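Participant: Have a look at this one.
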Amino acid sequence: MSNETLQAVKGMNDILPDEAELWLWFEEEVRDWLHSYGYRNIRMPLVEPTALFRRAIGEVTDIVEKEMYSFEDALNGDHLTLRPEGTASCARAALQHNLLYNAPQRLYYSGPMFRHERPQKGRYRQFHQFGVEALGFAGPDIDAEQILMCARLWRRFGLRDVALQLNTLGDSASRHRHRAKLISYFEQHRDMLDADATRRLHSNPLRILDSKNPAMQELVAAAPRLADELEDDALRHFDEVQAMLKRHDVAFEINPHLVRGLDYYNRTVFEWVTTRLGAQGTICAGGRYDGLVEQVGGKPTPATGFAMGVERLLALLLEDGMALPRAEVDVYVVHQGELASRLASRVAEQLRDDRLRVLLHCGGGSFKSQMKKADASGAAVAVVIGDDEAQANEVSVKPMQGGEQVRVSVQNLTATVNQII
Ligand code: ATP
Ligand code: MG
């Protein structure tokens, strides 16, 4: 047997208690915000059939080509994948359980996603998202509402330097025309294409526009524009989204090169970007995906959604100087002697019955050393019990922020503690 210390998988992080408290606080805030817009929670498995992602996300995408943790179930040979994102699963679940037949659905989920990427600041192999999906809505009002929602959350968190980039991808007819023009344009400039672009030339030329290779930027900038091919319906939809954002004073920039890394998007796409996290500056991204539900086997269902990267948002909050919150305990119970110990555990349970948060000292030691632990715990009150107190069925109550220690009966303890905190 090897004694080598085992480490977490590269790119997959432990979230230790100090930081986890920040996560808990964040998740509570986000849930509260989601509920204020009527979104309801849905929870899908972490593992799905590989075919779901191949169909939903698209074969020629970074995710499906090289980022998925796919494996064969050793017991039955099924092809499975750790989810790289949640939209496909959410649409699959809604469809499988007939959520889409009656009313449209506003849904959200949160949790880990898995992508085999090169780990770096803001880019991990297990990372976390809050995903927000509105299924069954066709109009531009829901696109705008989702963007307004985001703006509200950034305000709530006091985030600075977060900018909205917006684009429309149009509908399939215009995309087909644009695609043909793109292929012939890039074919004329074959010698300037890098390896990725050459490979995508015929399978997914739109993704060439998404290239991060500096050497390709000039070529990309002069490429035929989808904007010149858009149908009236798609243009009107986009105009209305913009008008609603303007009415609510949400600033945006139109970025004609914004195409998103997944194939299922159409019409409105958006990204919220900050300049303060280095290269991994997109904290939230999404858009309309009217074709997805059909793609995974349902009836045509218009839909729109977005996902926020939790690690990146928390990094931004900390960058903004946010202090780590701390879960508080109300009471630390100090005790010495056998009779006192018995009373101490009874008293701790009684305080918890009254909904107080209580740390009962375990492991013995002098009063002095126990009081040090009480101090370090951040508790507002120490309850001190010696055999003397125990014999009288009483306890001493000491406010940790200073003030007189008082002796009270066990019966009056909760009231006394509540007066102090
Ligand atoms: P990027 O261009 O940064 O790779 P993406 O387009 O692949 O992002 P989406 O699939 O749209 O990202 O995911 C939505 C959000 O999830 C991103 O905007 C980002 O905040 C976060 N995210 C995506 N991939 C990672 C990752 N590997 N590590 C941490 N956060 C991530
Ligand atoms: Mg990516």
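Participant: Are any residues in the range 274-287 open to solvent by 40 Å² or more (accessible area, probe 1.4 Å) and either more than 14 Å from ligand 2 (Cβ to nearest atom) or touching a Pro at 6+ places or on another chain (Cβ under 8 Å) (or both), and if so, which ones?
Facilitator: Thr275, Arg276, Gly278
Participant: Considering (1) at pLDDT 95 or above; (2) outside any loop (DSSP other than H, G, I, E, B), say which one Cys362 fails and leave the rest.
Facilitator: (2)
Participant: Considering only residues of the range 216-266 that are in contact with an Asp or Glu (Cβ under 7 Å, 6 or more places away or on another chain) and among the small types (Gly, Ala, Ser), which is nearest to Glu65 (Cα to Cα)?
Facilitator: Looking at residues that are in contact with an Asp or Glu (Cβ under 7 Å, 6 or more places away or on another chain) and among the small types (Gly, Ala, Ser), I get Gly261.
Participant: Which of the strands (runs of 3 or more DSSP E) found entirely inside the range 250-327 contain at least 1 residues meeting this: within 13 Å of ligand 1 (Cβ to nearest atom) and either free of Cβ contacts under 8 Å to residues at least 40 places away in the same chain or not assigned by TED's automatic domain parsing to the domain that holds Asp161 (or both)?
Facilitator: Once the strands (runs of 3 or more DSSP E) in the range 250-327 are filtered for at least 1 residues that are within 13 Å of ligand 1 (Cβ to nearest atom) and either free of Cβ contacts under 8 Å to residues at least 40 places away in the same chain or not assigned by TED's automatic domain parsing to the domain that holds Asp161 (or both), what remains is 282-288.
Participant: Based on this model, can you work out whether Ala51 counts as open to solvent by less than 60 Å² (accessible area, probe 1.4 Å), farther than 30 Å from Pro325 by Cβ and in the same structural domain as Ala134 (by TED's automatic domain parsing)?
Facilitator: Working: open to solvent by less than 60 Å² (accessible area, probe 1.4 Å): yes; farther than 30 Å from Pro325 by Cβ: yes; in the same structural domain as Ala134 (by TED's automatic domain parsing): yes.
Yes; evaluated as a whole, the condition is true for this residue.
Participant: Is the range 8-16 home to any residue that is of a type outside the set (Lys, Arg), in a helix (DSSP H, G or I) and touching a residue at least 12 places away in the same chain (Cβ under 8 Å)?
Facilitator: Scanning the range 8-16, I find no residue that is of a type outside the set (Lys, Arg), in a helix (DSSP H, G or I) and touching a residue at least 12 places away in the same chain (Cβ under 8 Å), so the answer is no.
Participant: Do you know which residues across the range 1-39 are hydroxyl-bearing (Ser, Thr, Tyr) and either in contact with a helix residue (DSSP H, G or I) (Cβ under 7 Å, 6 or more places away or on another chain) or within 15 Å of Gln129 (Cβ to Cβ) (or both)?
Facilitator: Tyr37, Tyr39 - these are the residues of the range 1-39 that are hydroxyl-bearing (Ser, Thr, Tyr) and either in contact with a helix residue (DSSP H, G or I) (Cβ under 7 Å, 6 or more places away or on another chain) or within 15 Å of Gln129 (Cβ to Cβ) (or both).
Participant: Name the pairs whose Cβ atoms lie under 6 Å apart, with the first residue in the range 20-41 and surrounded by 12 or more Cβ atoms within 10 Å (Cβ to Cβ), the second assigned to a helix (DSSP H, G or I), and 6 or more positions between them or separate chains?
Facilitator: What qualifies is Trp33/Leu153; Tyr37/Met149.
Participant: Could you tell me which of the residues Gly122, Gly131 is open to solvent by less than 10 Å² (accessible area, probe 1.4 Å), in contact (Cβ under 8 Å) with a residue 60 or more places away in the chain and within 16 Å of ligand 2 (Cβ to nearest atom)?
Facilitator: After applying the criteria, what remains is Gly131.
Participant: Which of the following residues is over 18 Å from Val132 (Cβ atoms), open to solvent by 10 Å² or more (accessible area, probe 1.4 Å), touching a His at 6+ places or on another chain (Cβ under 7 Å) and not basic (Lys, Arg): Glu240, Glu253, Glu218, Glu229?
Facilitator: Criteria check complete, one pass: Glu229.
The values are calculated or read from the model by the stated rules, or taken from the named source; none is laboratory data. Just so you know, these numbers come straight off a predicted model, no measurement behind them. So basically every Cβ, Gly included, is an ideal-geometry build from the backbone, and we count neighbours across all protein chains shown. What goes into the accessible areas is simple: the full protein's heavy atoms, side chains included, and nothing from ligands, DNA or RNA. Shrake-Rupley method; radii C 1.70, N 1.55, O 1.52, S 1.80 Å.
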